[in-house]
1. Heads up, I need the accessible area for Thr52: 1.4 angstrom probe, whole protein in place, Å², nearest 10.
2. Which order do Phe146, Phe133, Phe41, Phe128 take by accessible area at a 1.4 Å probe, largest first?
3. Could you list the trypsin sites (Lys or Arg not before Pro) in segment 119-162 that lie in coil according to DSSP, counting only those with at most 11 other Cβ atoms within 10 Å of their Cβ?
4. Using only the Cα atoms of segment 65-164, what are the Rg and Dmax in Å?
5. Find the Cα radius of gyration of segment 126-194, compare it with 2.2 N^0.38 Å by division, and give the number to two decimals.
6. Grab the alpha carbons of the chain, take their convex hull, and tell me the volume per residue in Å³.
7. Stretch Arg134-Ala61 to full length: gain in nm at 0.36 nm per residue minus the Cα-Cα span?
8. Using modelled backbone amide H atoms (1.01 Å from N, in-plane), which distant-in-sequence or interchain residues come within less than 5 Å of Ser36's amide H?
Amino acid sequence: TAVLMVALVGLAPAAEAQPILVDLMVRHGIELPGKSFEAAFDAGLAPAVPVTPGAFATPLAMLSASTGADRVAAAYAFGILAGRSARAASSPELAAAGQGLLQMIGSDDRRARIAGARVAGRVLAASFAPRGFRPPVPAGLTDGLFALLNRSNEIEQLAAMDALGLIRDASAVASLTERYYFYRDGGRRALAGGALEALARIGDPY
């Protein structure tokens, strides 16, 4: 689903973002493929240089203060630096990111909504191991993802399903199951696959 989302949404050139974000990536040994933060996020690139205290300050500030391409780039930059389950971020930093991403998911900007959901899914991803590590999910995030899931745009639906699966939200099982059959019966294979993948990730959280 990530490949499909990239193809339809397009890449955000680094030239559109604040230069300080680019410098931040360079300092952590991350080369942006095609000068795109989104492409680096999709490639699963990880910092080659340990993330130091304060490294998240700029992307976190931009999540709440910026708009458009800068905000999207900041979200992907945070996702790259924080990594899966955001183990590189402190609890206050993760809480701040969660609020910023939640605002993006509810914004009027489609690209921001998609980026917010995709990054939230990765940095808040729950461990697949029974009773494994589960980053705290901010209040309202699940509702925000369900609202995104109910939009007509297929890319937004895919992003929402992906995030719900990664955070292993058991409350989404009934809705995702209904959507799987609906998409499957309607011949919408990509969406059916997204729903099935999310269900497989959620599994039995206990």
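The values are calculated or read from the model by the stated rules, or taken from the named source; none is laboratory data. Model, not experiment: these values are computed from the prediction. Reconstructed Cβ throughout: ideal geometry from the backbone, glycine too, with neighbour counts over all protein chains shown. Surface accessibility is based on the protein's heavy atoms, side chains included, excluding ligands, DNA and RNA. Shrake-Rupley method; radii C 1.70, N 1.55, O 1.52, S 1.80 Å.
1. 80 Å²
2. On the way: Phe146 45, Phe133 85, Phe41 5, Phe128 115 Å².
In descending accessible area the options line up as Phe128, Phe133, Phe146, Phe41.
3. Numbers: sites: Arg122, Arg131, Arg151; in loops: Arg131, Arg151.
Answer by residue number: Arg131.
4. 12.6, 39
5. Numbers: Rg = 12.6 Å, N = 69, 2.2 N^0.38 = 11.0 Å.
Against the empirical 2.2 N^0.38 Å value, I get 1.15 for segment 126-194.
6. On the way: hull volume 21.7 nm³, N = 206.
In the chain, the Cα convex hull volume per residue is 105 Å³.
7. Working: separation 73, 0.36 × 73 = 26.28 nm, distance 2.46 nm.
Result for the pair: 23.8 nm of gain on full extension.
8. Here Ala14 satisfy the definition.
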